[in-house]
Amino acid sequence: MDRLEMRTISKEFGGIAALRQASFSAGGGEVHALMGENGAGKSTMMKILAGAYDHEGGEILIDGIAASIQSPQDAIRKGVSVIYQELSLARHLSVAENILIESFGQTVFVNRRAMNKRAAELLADMGFPDIDPMQEVGDLPIAYQQVVEICKALSRDCSILVLDEPTAVLTTHETAKLFDLVRRLRARGVCVIYISHRLDEIFALCDRVTVLKDGATVGTWETAGLDADRLTSLMIGRDLSDFFPVRDATLGDVALEVRGLNAGPQVQGVSFAVRRGEVLGIGGLVGAGRTETLRAIFGADPVQGGEVQLHGQPVTLRSPGAAVRAGIGLLPEDRKHQGVLLNMPIRVNAVLTPVNPHRGPLGLIRDWAERAQTETLRRELRLKAASIDAEAGTLSGGNQQKVALMKWLVSGCDVLLLDEPTRGVDVGAKVEIYRVINDLAAKGAAIVMVSSEMLELIGMCDRILVMRGGQVTGEVSGPAMTEANIIELAMGAANVH
Ligand code: ADP
Ligand code: MG
């Protein structure tokens, strides 16, 4: 019997159906992915489970028994906890208070020592002995705040835990720690429902996946029996090959050449060249040195040796500012922290580069020209935003990424370094980002694109370099661009055969 069964759930907002008799079931000791394009109904389904929304039809069964969930309190009593992207902790209370205030009560007579001890035990048990129970929650990194919220759920004996896009705000290292935690919970029999756009995460973590499309259930599959190609087709309802437009690559001169680049342990003697009009991919596993290579070229990290040439001329790029003035742009992996200013309007983000063509001789920005160009880009990029005055932080992940790309379109850079450009972005927005990349290449930019999604590399790139342990282990192009070849180079042949 499944721990959770949601049967034929329907929900309308103002007469528009968000869920149409959607169903799915998940078991205890299972990590179950819920996937679908933006607007497919994933969050609505989970908010109904959490008692935050009511529903117009269908029923929810927990351990086979009909559970009437009318309020968030009902959900908590039934063992359901939902961790939203916007965490709901009290920032000025301590870690222990946040986790345990409900069980210890809110009186002045709380036994703080016992509470701190219990919180420390819970945290250690979850693999985070380094989180101090007495620290104020607001001072913790976002990843640890998430852990505190999960521990709070566990202290209430939750048996169904929902994580709605938890890794969108996490770094790679933090994501790995979260995965360890989720696996621990699975081993204890918790039913974990996991929402993410990242296919690699789904395959690494989840046992089964249910796909929603336009508010209806497409089906449920074992992840072991699926591949990224098939899963994507299920989400978009058509074949992935329609995704990658055939690009008439007319390659020009070499725009960027890197020779024997050394930058810390992660970049050891990296060499490659990329031409105008070319999209060069860099594949490899997490930690292979791909991000570090891009950062070193961009002047964001110190370089110990090697040479960078632009259009045949050696250049020394000691800072990102120098790189941008030389015509290089970088779209960073960690867009929330480096790519966009979330509390600034789109139009400000669009011109956030040292080479703003609208800046007049006195350093004044010619406002009307800037607005006009941002408006044009908004249309070209099909940015879904109320206006260019909207704060970037109010947009979806895919649209934030388009905003991050905008400034490189404004600055007119001719070498663009892209680090995981479609991470955390839904499939619809992915296609639009691919289109922008192709347009830039067609206009003569040289593109270097790091991605962990092999299909994306194969679909987009003219050639793919593969890195491992800070070194380039090989290059594939044409029909040799296959997942098997990339994996072999990424892992080392010894691990493959
Ligand atoms: P997902 O989480 O899969 O991206 P959602 O569940 O957020 O999808 O949204 C499903 C549909 O319901 C979308 O069309 C969305 O616009 C609509 N919707 C979601 N929440 C609300 C709301 N509070 N008011 C009106 N429409 C909503
Ligand atoms: Mg959602």
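The values are calculated or read from the model by the stated rules, or taken from the named source; none is laboratory data. Just so we're clear, the structure is a prediction, and the values are computed from it rather than from any experiment. Quick reminder, even Gly has a Cβ in these numbers, built from the backbone with ideal geometry, and neighbours come from all protein chains shown. The protein model used for the area step is the full one, side chains on, heavy atoms only, and it has no ligands, DNA or RNA in it. Shrake-Rupley method; radii C 1.70, N 1.55, O 1.52, S 1.80 Å.
Calculate, in nm to one decimal, what THR482 and GLN135 gain on full extension: separation in residues at 0.36 nm each, minus their alpha carbon distance.
So the extension gain works out to 120.0 nm.
Could you state the accessible area per residue of the range 419-497 in Å², with a 1.4 Å probe and every protein chain left in place?
36 Å²
Among 154-165, 118-129, how do they line up by average Cβ neighbours within 10 Å per residue, starting with the highest?
154-165, 118-129
Restricting to DSSP loop positions (anything but H, G, I, E, B) with no more than 12 other Cβ atoms inside 10 Å of their own Cβ, which chymotrypsin sites (Phe, Trp or Tyr not before Pro) remain in the range 4-110?
The qualifying sites are PHE109.
Tell me the net charge near LYS430. Cut-off is 12 Å between Cβ atoms, LYS430 excluded, with +1 for each Lys or Arg and -1 for each Asp or Glu.
Residues close to LYS430 contribute a combined charge of -2.
Evaluate the charge dipole of the range 367-466 about its Cα centre and quote only its size in Debye, nearest 20, assuming +1 on the Cβ of each Lys and Arg and -1 on the Cβ of each Asp and Glu.
It comes to approximately 180 debye.
What net charge is computed for the residues neighbouring LEU261, neighbours being all others with C-beta under 12 Å from the C-beta of LEU261, Lys and Arg scored +1, Asp and Glu -1?
Residues near LEU261 contribute -2 overall.
Based on Cβ point charges of +1 for Lys and Arg and -1 for Asp and Glu, what charge dipole magnitude is obtained for the range 73-136 about its Cα centre, in debye rounded to the nearest 20?
Dipole magnitude for the range 73-136 comes out near 260 debye.
How far, in nm, would the chain grow between SER71 and THR250 when pulled straight, counting 0.36 nm per residue and subtracting the alpha carbon separation?
In short, 58.5 nm is gained.
Amide H to amide H, which residues 5 or more places from ARG275 or on other chains are under 5 Å from it, using H placed in the peptide plane?
Distant-sequence amide H within range of ARG275: ALA255.
Given the options ILE193, ILE99, THR220, identify the residue whose Cα lies farthest towards the positive end of the charge dipole of the chain (+1 on Cβ of Lys, Arg; -1 on Cβ of Asp, Glu).
So the residue furthest toward the plus end is ILE99.
So what is the calculated 222 nm ellipticity per residue for the chain, using -39500 (n - 2.57) for each DSSP H run with n of 4 or more, over all residues, to the nearest 500 deg cm²/dmol?
The helix-only estimate for the chain comes to -10000 deg cm²/dmol at 222 nm.
About the Cα centre of the chain, how large is the charge dipole given +1 on each Lys and Arg Cβ and -1 on each Asp and Glu Cβ? Please answer in debye to the nearest 20.
Result for the chain is approximately 720 debye, rounded to the nearest 20.
Given an 8 Å cut-off on Cα distances and at least 6 residues of separation, report the relative contact order of the chain as a percent.
Relative contact order of the chain: 15 percent.
Keeping all protein chains in place, calculate the accessible area per residue for the range 239-339 (probe 1.4 angstrom), answer in Å².
Value for the range 239-339: 45 Å² per residue.
Please report the carbon-and-sulfur percent of the accessible area for the chain; probe 1.4 Å, protein heavy atoms only, DNA, RNA and ligands left out.
Summing carbon and sulfur atoms, their accessible area is 51 percent of the total for the chain.
Which ³J(HN,Hα) values in Hz, rounded to whole numbers, follow from the phi angles of the range 448-459 under the Karplus curve 6.51 cos²θ - 1.76 cosθ + 1.60, where θ = phi - 60° and Gly and Pro get x?
So the Karplus estimates, Gly and Pro as x, are 10, 10, 8, 8, 8, 9, 5, 5, 5, 4, 5, x Hz.
Would you mind counting up the charge near TYR84? Only other residues with Cβ under 15 Å from its Cβ, with Lys and Arg at +1 and Asp and Glu at -1.
Taking every other residue near TYR84 into account, the sum is -1.
If you take the charge dipole of the chain about its Cα centre, with +1 on Lys and Arg Cβ and -1 on Asp and Glu Cβ, which of ILE328, THR175, GLN21 is farthest toward its positive end?
Going by the charge dipole, the pick is ILE328.
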